[in-house]
Amino acid sequence: MKNGGRATLLLAAILLTALNLRTALASVSPVYTFIQEDLGIGRAAAGLVVTLPVLCMALFAPLATLVGHRLGRRAMILFSVALIGAATALRIEGGLFTLFASALAVGVGIAAIQALMPEVIKQSFPERSATINGAYTSSMALGATVAALAVVPLTQLSGWPAALSVWSVLALPALLAWLALGGIEEVRAPGAADPLRERLPLRVPRVWMTMAFFAMTSLMYFSVLSWISQVYEDAGLSPSRAGVALSVFTGVQILSAFLVPTLANRFPDRRPVLVGVITTTVVALVLITTVPTAAPWTPFAWAALIGASQGALFPLALTLPLDNTRTPEMAGRLTSACFLAGYGVASLGPTTIGAIRDATGGFTTPLLILAAIACAQIVLTTRLTPNFYIEDG
């Protein structure tokens with residue numbers, strides 16, 4: 001296969017893989033009510049189906065990076081896609097243990113892919129890495145949107161176990177694309193310099209600020225992803241219309257993940273764009289809390305507003321380790337630390353939000369807590385001055 005053909009096939013493999021990275025999460029929250037009624041569990045327990053994968057994304061990202069450097073990135077990604085597909089298919093069993101076990105396995109697979117895919121993109125598309133990263137993020141949002149939109153009708157047609165397991169079919173074309181590439185890229189030779197041994201300068205405050213920013217971003221995203229449909233069900237929407245609101249939340253991210261980071265790249269200081277994006281999140285949370293269904297169109301308008309801001313914020317947060325480091329090796333170390341801290345904190349979000357909802361009888365308190373966290377993130381953003389590198393202390 002010629003180089004141009006291999007590059008096209010690799011791009012297809014990357015985008016097809018990305019489709020699998022949010023479907024197992026986004027397909028759950030619209031059918032929380034069905035799962036709770038069928039299995040007799042509360043909202044906090046239901047939230048574990050999203051919490052467990054996010055926790056695994058934190059714990060296994062550093063290990064996945066290490067193993068991927070030893071065995072080959074593409075081999076690790078291939079195995080992880082297969083793991084996500086198999087774990088998603090197991091949800092057809094419909095039991096609580098299987099649901100939680102599949103959540104853990106899905107999280108391990110996502111952790112490995114998210115840790116290694118940026119390196120594959122940078123290595124294979126060095127001149128177009130920003131564009132490919134944007135397409136990769138948008139493909140994740142596309143998978144989440146389709147899953148959120150279709151899962152309630154599928155549940156009404158064939159039950160929630162079938163509606164959750166059907167997304168395993170998305171793993172097959174991704175697997176075929178990686179297999180069609182043939183061969184595995186060269187791995188690091190034994191005894192060669194190991195970039196992972198370069199230590200992160202934890203004494204530098206900017207390291208902790210970057211980790212905190214990513215943690216706040218991840219906590220907000222996964223909390224809203226997990227519960228926005230339930231917020232609207234509590235406000236009186238039917239499960240199908242609440243699922244549409246979730247699909248709007250994820251759907252607008254397909255565009256905002258591309259457009260806003262492109263705009264931010266035109267400015268030497270990204271802080272004004274970051275403050276604007278986070279302020280939009282605060283406004284959206286207040287509107288969802290106070291007037292969720294003031295008019296027939298408002299649930300979808302507020303979902304679009306917070307979806308656009310969150311879709312823009314995630315890729316911007318991923319650029320912070322690149323902006324604050326001089327070498328790719330140190331950028332990789334800081335990114336792994338952000339994944340560990342960010343997804344670790346984010347894993348607390350879905351279950352905690354569900355527990356507060358059960359304790360208070362409504363979503364007002366948890367949504368206002370999220371708004372307060374976003375306000376704190378605005379304050380943190382003002383301290384992220386440009387042209388600072390953690391290697392310089």
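A Cβ distance below 8 Å, combined with a sequence gap of six or more or placement on separate chains, defines the contacts here; from region 174-191, residues that are under 20 Å from G5 (Cβ atoms) reach residues that are in a loop (DSSP other than H, G, I, E, B) and at pLDDT below 70 in the pairs G182/M1.
Just to be sure I understand, how many residues within region 197-212 are free of Cβ contacts under 8 Å to residues at least 12 places away in the same chain and not basic (K, R)?
Of all residues in region 197-212, those free of Cβ contacts under 8 Å to residues at least 12 places away in the same chain come to 197, 202, 205, 208.
Checking which are not basic (K, R) leaves us with 202, 205, 208.
Residues flagged as free of Cβ contacts under 8 Å to residues at least 12 places away in the same chain and not basic (K, R) within region 197-212 amount to 3.
Every residue, every condition in (1) of a type in the set (G, A, S); (2) at pLDDT below 85; (3) more than 30 Å from W160 (Cβ to Cβ), yes or no:
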residue	(1), (2), (3)
T51	no, yes, no
L71	no, yes, yes
A75	yes, no, yes
L78	no, no, no
A87	yes, no, no
L104	no, no, no
G109	yes, no, no
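I need a count of the residues in region 111-145 that are among the charged types (D, E, K, R) and at pLDDT 85 or above. So that I can check it myself, show each step before the final result.
Here is the first cut: in region 111-145, the residues among the charged types (D, E, K, R) are 119, 122, 127-128.
Subsequent filtering for residues that are at pLDDT 85 or above retains none.
The total comes to 0.
Looking at region 4-12, is at least one residue in contact with a helix residue (DSSP H, G or I) (Cβ under 8 Å, 6 or more places away or on another chain), among the polar types (S, T, N, Q) and outside any loop (DSSP other than H, G, I, E, B)? Checking region 4-12: not a single residue is in contact with a helix residue (DSSP H, G or I) (Cβ under 8 Å, 6 or more places away or on another chain), among the polar types (S, T, N, Q) and outside any loop (DSSP other than H, G, I, E, B).
Before we move on, is G311 in contact with a Lys or Arg (Cβ under 7 Å, 6 or more places away or on another chain) and part of a helix (DSSP H, G or I)? Can you show your working first?
Working: in contact with a Lys or Arg (Cβ under 7 Å, 6 or more places away or on another chain): no; part of a helix (DSSP H, G or I): yes.
Considered against the rule, which asks whether it is in contact with a Lys or Arg (Cβ under 7 Å, 6 or more places away or on another chain) and part of a helix (DSSP H, G or I), G311 comes out as no.
As a summary of the residue check, A264 satisfies the conditions (1) aliphatic (A, V, I, L, M); (2) within 16 Å of the chain's Cα centre (by Cα); (3) surrounded by fewer than 21 Cβ atoms within 10 Å (Cβ to Cβ) except for the one numbered (2). Against the list (1) on the phi < 0 side of the Ramachandran plot; (2) at pLDDT below 85, the condition G393 fails is (1).
Residues that are without any contact (Cβ under 8 Å) to a residue 40 or more places away in the chain: find the helices (runs of 4 or more DSSP H) completely inside region 213-292 holding 2 or more of those. Don't jump to the end; show me each part of the working.
Numbers: elements: 239-251, 253-264, 271-290.
Passing ranges, in order: 271-290.
Checking every residue in region 28-36 against the condition of being assigned to a helix (DSSP H, G or I), out of contact with any Ser or Thr (no Cβ under 9 Å at 6 or more places or on another chain), closer than 23 Å to L181 by Cα and not charged (D, E, K, R) gives zero matches. Restricting attention to region 83-102, the residues that are touching a Leu at 6+ places or on another chain (Cβ under 6 Å), in contact (Cβ under 8 Å) with a residue 60 or more places away in the chain and either surrounded by fewer than 24 Cβ atoms within 10 Å (Cβ to Cβ) or of a type in the set (D, E) (or both) total 0. Which members of region 1-30 meet the condition of being aliphatic (A, V, I, L, M) and buried (at least 24 other Cβ atoms within 10 Å of the Cβ)? Scanning region 1-30 gives A13, I14, L21, A24, L25, A26, V28. Taking the listed residues V252, V275, V248, V283, the one that is closer than 17 Å to I378 by Cα, in contact with a helix residue (DSSP H, G or I) (Cβ under 6 Å, 6 or more places away or on another chain) and of a type outside the set (K, R) is V275, with no other qualifying.
Of the residues that sit in region 335-350 and are buried (at least 23 other Cβ atoms within 10 Å of the Cβ) and either assigned to a helix (DSSP H, G or I) or over 14 Å from the mean Cα position of the chain (by Cα) (or both), which one is modelled with the lowest pLDDT? Here the answer is T335. Taking residues in region 342-368 that are closer than 10 Å to S223 by Cα and in contact (Cβ under 8 Å) with a residue 40 or more places away in the chain, and partners anywhere that are surrounded by 18 or more Cβ atoms within 10 Å (Cβ to Cβ) and of a type in the set (S, T, Y), the pairs with Cβ atoms closer than 6 Å and at least 6 places apart or on different chains are A346/S218; S347/T51; G349/S223; P350/T51; P350/S226; T351/T51; I353/S223; L367/T289.
Within region 351-390, the set of residues being surrounded by 18 or more Cβ atoms within 10 Å (Cβ to Cβ), at pLDDT below 90 and closer than 27 Å to N324 by Cα comprises L384, I390. Counting only residues that are crowded, with 24+ Cβ neighbours inside 10 Å and either in contact with a strand residue (DSSP E or B) (Cβ under 8 Å, 6 or more places away or on another chain) or within 21 Å of F388 (Cα to Cα) (or both), how many does region 287-320 have? Residues in region 287-320 being crowded, with 24+ Cβ neighbours inside 10 Å and either in contact with a strand residue (DSSP E or B) (Cβ under 8 Å, 6 or more places away or on another chain) or within 21 Å of F388 (Cα to Cα) (or both): 1 in total.
The values are calculated or read from the model by the stated rules, or taken from the named source; none is laboratory data. For clarity, every value in this text was computed on a predicted model and none was experimentally measured. As a convention, Cβ positions derive from the backbone with ideal geometry for all residues, glycine included, and neighbour counts pool all protein chains shown.
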